[in-house]
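See below for the structure under consideration.
Nothing in this text is a laboratory measurement; each read-out follows from the coordinates by a stated rule. This one's a predicted model, so the numbers in the text were calculated from it and none came from an experiment. Every residue, glycine among them, receives a Cβ derived from its backbone with ideal geometry; neighbour counts consider all protein chains shown.
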Amino acid sequence: MPATTLSSISGAALSGYAGYVGRRLAQFLIVVFIGINIAYLVTHASPIDPVEQSISAVTSFGNTAPDAIEQMRNSLRELYGLGGTPVQQYLTFWKRILSADFGPSLSAFPTPVGTLIVRALPWTAGLLAVSTLVAWVLGNLLGGLAGYYRQSRGLKLMGVIAMGLHPIPYYILAMLLLILFGFIWPVLPISGGAAMNLPQSLTPEYVWSVLQHAILPALSLILIGVGSWFLGMRSLVSNVLAEDYVVYAELAGVKSWRILTSYVMRNALVPQVTGLAMSLGGIFNGAVITEKVFGYPGLGSLLVDAVYAGDYGLVLGVTTVSILGVSVGVLAIDLLYPLLDPRVKVG
Amino acid sequence: MAVFLRDLLRYRAEFRIGVALVAAVLLLSVLASFSPYPPDSVYVVPPDLPPSLTYWFGTTSRGQDVFWQLSFAIRNTLLFGGTVALVSRLVALAVGLISGYKGGWLDRVLMSVNDTFIVIPLLPILVLFYFVMRDRISWLMLALIMACFGWAYDARLIRSVVMSLRQREFTQTSLFSGMSTRQILTEEHLPYVMPILFSTTMNNMVWSIGLEVTLAVLGFTDINTPTIGGMIYWANQHTAMVAGIWWWIAFPTITVIMAFIGLFLLAVSVNAHIDPRSRLWSVGGAS
């Protein structure tokens, strides 16, 4: 009898978790679908013909034979997916995205756009993953302490600093760090992903150089991130502190460190995980601009340089990969969420 | 409302600092109307002069007075943030109120779209938008497209407030006394949403101004309209930091940071004041 109850409960839990995963997967597909459609709308609803614009940019430098222009016009039309009826254009657009074929890059001809993106992706993913994780852990830990030990002067001061740092946009903070460490106190490399004279291999020098170059971009992402997680966690903790079960634990003589970690912080962390999933897009925006400021060889620099070079395929490719990448990140966080909040397994 | 403001001023240091910062920035933006120079003309004063009594914040390499240029820039920047906030508030209110009150499948559909807009990385899409529009991009166009993306997070907040309001007795009373859905939402629920609406407006302005500065610095907006980001863009174009013309970058940066921190403090303090528990804490702690 107890065995059957147990198995029926675990069966229910499984279907609960499966249902949860199904809903998250559906939301993931919706995000990707809407995101790609927005990209389509933005590129195709423009009153400017991108083909004519590219042609006029080229022909303004001198005389070009008319049939050469016609040839260029046709190949550009194909590249931009502008041939045929709107329905055909829409289908072509999806076909290219699903087959990850964005054609050759115009600015780095004839390297395919896909190769450029694959080359840049690890830099962005590494920078983003490390700095987001560090900022999240550090901000929640300090914020939790600040909410629990309200009278501590050091933690109050930290609250003031967090309030001052959090609203500053990524660009401004990155620029301030650049000025500080580039002009006033030049101790850190301010540009690039690694020293130019080192071959890309797993030698200690190369790894050390990569780490050194990552400090400033990561620091500017972390400083802003810590501020926002700190403030969120502090107010969440002070709300949880007033809950009956915390008061009861205090009266029962549970050690204060244990109350803080397993009674207060653990419960306050649940909305912070949701918050991480929700702010991933914004953090990615920050990474794009931070990379550009520090000349970091990731997706952000690739995107901005592609705009300057007028490389349509590359801009579209990076945008699509960004939407996909951020959605995958959000999905990953969502799927880990039940580890922290077991209620979703049942509900 | 007057009591609300009085309590905020009396018990919340953050609110006082926020008001002071925002007032200072607003004052600077109002001064733009008294500028002796038109905003878009260049070489009207000697270039590259450091701050002095004649030119308070110095002059740029393009022969503009930094002080007056800055007052135009901050005015346009605030106007931009205000426009985005206003338009996106309308969407956020509509979605939040309807989704929270109606519930059911409508709520699920709206929230699904909502979560999509929260998650999508906006900067690449705005860059793509600039890429296809190029020089035709105007600040109003940019404001509208940002407003299309800036409502989602706040709609969720409003929805959660309305969901709890729906359970309260007065909603039932108004329903039984024959008020329509529109009446209940605008006359009964909207007043409760107002404080949250205020704090999200401030946060939304911080968000949109931050994005605008970012885009302008890259040159991805209408760079001929003076904005804070536009000023930094031109300073970078003239390599102001390397040339030692630090005042061209320092003053816009300080001004916009003041605006950000001021707006954020207003949002935070109002938010904390709405929450009765934290209000008791601050009022009780003061006595």
- Task: Hydropathy first: keep DSSP H helices in chain B averaging at least 1.0 on Kyte-Doolittle, then drop any whose Cα extent along the axis falls short of 30 Å, and list what survives.
- Result: B:66-102, B:190-218, B:247-274
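Using only helices, what value at 222 nm comes out for the protein assembly as shown when you add -39,500 (n - 2.57) per DSSP H run of length 4 or more and divide by the total residues, to the nearest 500 deg cm²/dmol? Spell out each step's value before the answer.
Details: 26 runs with 467 residues, N = 634.
Rounded to the nearest 500, it is -25000 deg cm²/dmol.
Rounded to two decimal places and with Rh computed the Kirkwood way over Cα pairs, what is Rg over Rh for chain A? Intermediate results must be reported in sequence, preceding the final value.
Working: Rg = 25.4 Å, Rh = 23.8 Å.
Ratio value, two decimals: 1.07.
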- Output for the stretch A:209-287: trypsin sites (Lys or Arg not before Pro) sitting in coil per DSSP, at most 10 other Cβ within 10 Å, listed by number, reads A:255
- For residue A:156, counting only aspartates and glutamates whose alpha-carbon sits under 17 Å away and dropping same-chain residues fewer than eight positions off, the answer is B:14
- Please report, in Å, the Rg and the Dmax of the stretch A:105-233, where both are computed over Cα atoms only. 18.2, 63
- Message: Looking at chain A as a GNM with Cα springs under 10 Å, which of A:167, A:199, A:297 has the largest mean-square fluctuation?
- Response: A:199
- Query: Which percent of Cα-Cα pairs in the stretch B:2-282 sits in each 10 Å bin, short to long?
  - Reply: 6, 24, 28, 22, 13, 5, 1, 0
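So if R0 is 30 Å, what FRET efficiency would residue B:187 and residue B:26 give, r being the distance between their Cβ atoms, rounded to the nearest 0.05? Mind showing how you got there, number by number?
On the way: r = 32 Å, r/R0 = 1.07.
That gives a FRET efficiency of 0.40.
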- Message: I'd like the distance between the alpha-carbon centres of the stretch A:175-204 and the stretch B:20-38, rounded to an integer number of Å.
- Response: 39 Å
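How crowded by other chains is A:25-37, given as the mean number of beta carbons from other chains within 10 Å of each beta carbon?
On the way: counts 0, 1, 5, 2, 0, 6, 8, 3, 1, 6, 7, 0, 0.
Other-chain Cβ atoms within 10 Å of each residue's Cβ, averaged: 3.
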- Item | Cross-link partners of residue A:292 among aspartates and glutamates (Cα-Cα below 14 Å; sequence separation of 8 or more within a chain) | A:305
- Query: Where is the GNM fluctuation largest for chain A (alpha-carbon springs, 10 angstrom cutoff): A:125, A:214, A:26?
  - Reply: A:26
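Which ordering of A:244, B:48 is given by a fewest-first count of other beta-carbon atoms within 10 Å?
Numbers: A:244 7, B:48 17.
Fewest-to-most Cβ neighbours within 10 Å comes out as A:244, B:48.
Rounded to whole Å and ordered largest first, report the semi-axes of the equivalent ellipsoid of the protein assembly as shown derived from its Cα gyration tensor (root of 5λ). Present the calculation step by step, with values, prior to reporting the outcome.
Working: eigenvalues 333, 217, 149 Å².
They are 41, 33, 27 Å, listed from largest to smallest.
Would you mind giving the average projected area, over all directions, of the Cα convex hull of the stretch A:110-150 in nm² with one decimal?
Details: hull surface 12.0 nm².
For the stretch A:110-150, the mean projected area of the Cα convex hull comes to 3.0 nm².
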- Task: Evaluate peptide A:318-324: per residue, the Cβ atoms of other protein chains within 10 Å of its Cβ; return the mean as an integer.
- Result: 4
- Taking only Cα atoms and a 10 Å spring cutoff, compute GNM fluctuations for chain B and point out the largest among B:160, B:112, B:99. B:112
- Message: Need the full-extension length gain, residue A:149 to residue A:68, defined as separation in residues times 0.36 nm minus the C-alpha distance. One decimal, nm.
- Response: 21.8 nm
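Shielding of A:155-167 by partners, i.e. mean partner chain Cβ atoms within 10 Å per residue? Mind showing how you got there, number by number?
Working: counts 0, 0, 0, 0, 0, 1, 0, 0, 7, 5, 1, 5, 16.
That average works out to 3.
Only sites in a loop by DSSP and with at most 13 other Cβ atoms within 10 Å count here; which GluC sites (Glu not before Pro) in the stretch A:169-264 make the cut? Present the calculation step by step, with values, prior to reporting the outcome.
Numbers: sites: A:205, A:243, A:250; in loops: A:243.
In loop regions of the stretch A:169-264 (DSSP not H, G, I, E or B), the sparsely surrounded GluC sites (Glu not before Pro) are A:243.
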- Note on the structure: Each label sits 7 Å from Cα toward the beta-carbon; between residue B:141 and residue A:309 the label points are separated, in nm, by 2.5 nm
- Query: Using 7 Å Cα-to-Cβ label points, what is the residue A:244/residue B:174 separation (nm, one decimal)?
  - Reply: 3.2 nm
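Starting from the Cα coordinates of the stretch B:53-93, work out the convex hull volume and express it per residue in Å³. Don't skip to the answer; put the middle values down first.
Numbers: hull volume 2.6 nm³, N = 41.
Output value, Cα hull per residue: 63 Å³.
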